[in-house]
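The values are calculated or read from the model by the stated rules, or taken from the named source; none is laboratory data. What you see is a predicted model; the values in this text were computed from it and never measured. Reconstructed Cβ throughout: ideal geometry from the backbone, glycine too, with neighbour counts over all protein chains shown. These area figures cover heavy atoms from the full protein model, side chains too; ligands, DNA and RNA do not enter into them. Shrake-Rupley method; radii C 1.70, N 1.55, O 1.52, S 1.80 Å.
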Amino acid sequence: KTKYSKLIFRKSDTVPEELHQMVQESFLALREHNCFFQDLVRIKGKDFLTPVSRILIGNPGCTYKYLNTRLFTVPWPAESYDIKYCSPQIHDACKALMRLNDYLHTETVKALQGQNLFENKEIKDTTVIDRKQSFATLTEQESVSKDESSVCVSEDDRSQKNRTSYNLTLLNYMDPLQMLYLKQEPYFGMGNMAVSWHHDENLVERSAVAVYSYSCEDSSVQESNEQELKGRDPAVWHVGLKVAWDIETPGLAVPLHQGDIYLMLDDLNMTHQHCVLAGLSPRFSSTHRVADSSRGTLEYILGQCELALQNLQTDSDSMALSLKSLEAAVVKQVEEIHNEVEFEWLRQFWFQGKRYLKCTDWWLKPMAKLEEFWRKLEIMTSLVLSEVRKEQQIEEQRNETISCFLLLLKERQKLRKEWTAR
């Protein structure tokens, strides 16, 4: 109640049956169409394949980055977007997960409101009111506090909406019996881990995370009833939780059955770490997040390209290209965007993103557009090189431009070597 108060658990029987059916059918359809993929992630300069297979579904043009790997959403059927899916089943699956997303958003808002009411009641209970206070003073204070609270509520509502409006879901699938080796949970003896202790990355600060769990339980995998187990039942999947960088406070392992839901509210993802403890049967999960989209949307990167190209001009007679400015700050901004387009978007997409073509070709046009921008950025790099070679440049400005330009070129060369090696 004190250490894990922001973990909210919902049993499957609290979720509408129709939603269960739609979501579970969508998991199976995506597996049938081979839409789950192991990610190649980079940890401390080395590449590792994730034991869990994943697919990212969410708002069109949204991405999610973790462990130096950018995933690109298979877009769910949002209004005003023309999205072609490779099969009707994939369309229906994406639609069902959007429905689940809406449901989890509503449940998260309710849970947060419930927590706020509980906290306010506790504060109220511990507040002692001076009963001798005059009626007039009390009335005056009440009117002031009402005005203040109305301002706070509107700000809180806005903040709450930002922190609960899930923009994507990362779907996970794993069959533990297909895994040759699973790491043991190291601190509390919780058994096999499907996913090690971690915080979810790249999220809006203090945003909630909502998880729908579906383990394909059948008669061959029974819960152990033979004896009282000291720890958790190894046949059943669990979510593990612990206070971050603290192994003195007991960890928590909560069993997960078909259709159970749990919510990590407010700052729980920051103050605590969680892991997933493997059961015996295959399991799907849909983990809904508010991904930080400040630098992770298609709209953002296209805007950055437009900004960079403002420094490129075309002669109306000869059609020759030239740069408007050679100021160090302008050159630096353009070359940083150049690196961002190449290494955060184009190479990330063609390295792993093209596998999503099994679901939809939605990303192909945006990527073609980004490649077009990248070619122009390459021309701009050549133009900087030819300009700084000219003698008529003021030496101090020239040296400043060259030094910041060289740093970014060296970074580009290093990253190109790394990506070629990968």
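Of all residues in the range 247-305, those that are of a type in the set (Asp, Glu) and either touching a Phe, Trp or Tyr at 6+ places or on another chain (Cβ under 8 Å) or within 24 Å of LEU180 (Cα to Cα) (or both) total 1.
Please give the number of the condition LYS358 fails out of (1) within 30 Å of ASN34 (Cβ to Cβ); (2) open to solvent by less than 60 Å² (accessible area, probe 1.4 Å). Exception for LYS358: condition (2). Within the range 395-418, residues that are at pLDDT 90 or above sit with their Cβ atoms under 8 Å from residues that are hydroxyl-bearing (Ser, Thr, Tyr) and in a helix (DSSP H, G or I), at 6+ positions apart or across chains, in these pairs: LEU409/THR381. Scanning the range 229-275 for residues that are of a type in the set (Val, Ile, Thr) and not in a helix (DSSP H, G or I), we see that the one that is modelled with the lowest pLDDT is ILE247. Considering the range 308-323, and only residues there that are closer than 15 Å to LEU377 by Cα and of a type in the set (S, T, N, Q), the residue that is least open to solvent (accessible area, probe 1.4 Å) turns out to be ASN311.
Conditions (1) under 30 Å from TRP76 (Cα atoms); (2) assigned to a helix (DSSP H, G or I); (3) open to solvent by 60 Å² or more (accessible area, probe 1.4 Å); (4) at pLDDT 95 or above, marked per residue:
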residue	(1), (2), (3), (4)
GLU306	yes, yes, yes, yes
SER325	no, no, no, no
GLU336	no, yes, yes, yes
VAL341	yes, yes, no, yes
GLU344	yes, yes, no, yes
TRP350	yes, yes, yes, no
LEU377	no, yes, no, yes
VAL384	no, yes, no, no
THR420	no, yes, yes, no
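Of all residues in the range 166-193, those satisfying the criterion of being part of a strand (DSSP E or B) and either over 20 Å from ASN34 (Cα atoms) or open to solvent by less than 10 Å² (accessible area, probe 1.4 Å) (or both) are LEU168, THR169, LEU170, LEU171, MET174, GLN184, ASN192, MET193. No other residue among SER293, SER285, SER281 is crowded, with 17+ Cβ neighbours inside 10 Å and assigned to a strand (DSSP E or B) apart from SER285. With respect to being open to solvent by 10 Å² or more (accessible area, probe 1.4 Å) and not assigned by the TED database to the domain that holds ALA368, LEU56 falls outside the description. Filtering ARG412, ARG398 for residues that are basic (Lys, Arg) and either open to solvent by 50 Å² or more (accessible area, probe 1.4 Å) or not assigned by the TED database to the domain that holds ASN311 (or both) leaves a single hit, ARG398. Would you check if there is a residue in the range 48-62 being among the small types (Gly, Ala, Ser) and closer than 15 Å to TYR214 by Cα? Scanning the range 48-62, I find at least one residue that is among the small types (Gly, Ala, Ser) and closer than 15 Å to TYR214 by Cα, so the answer is yes.
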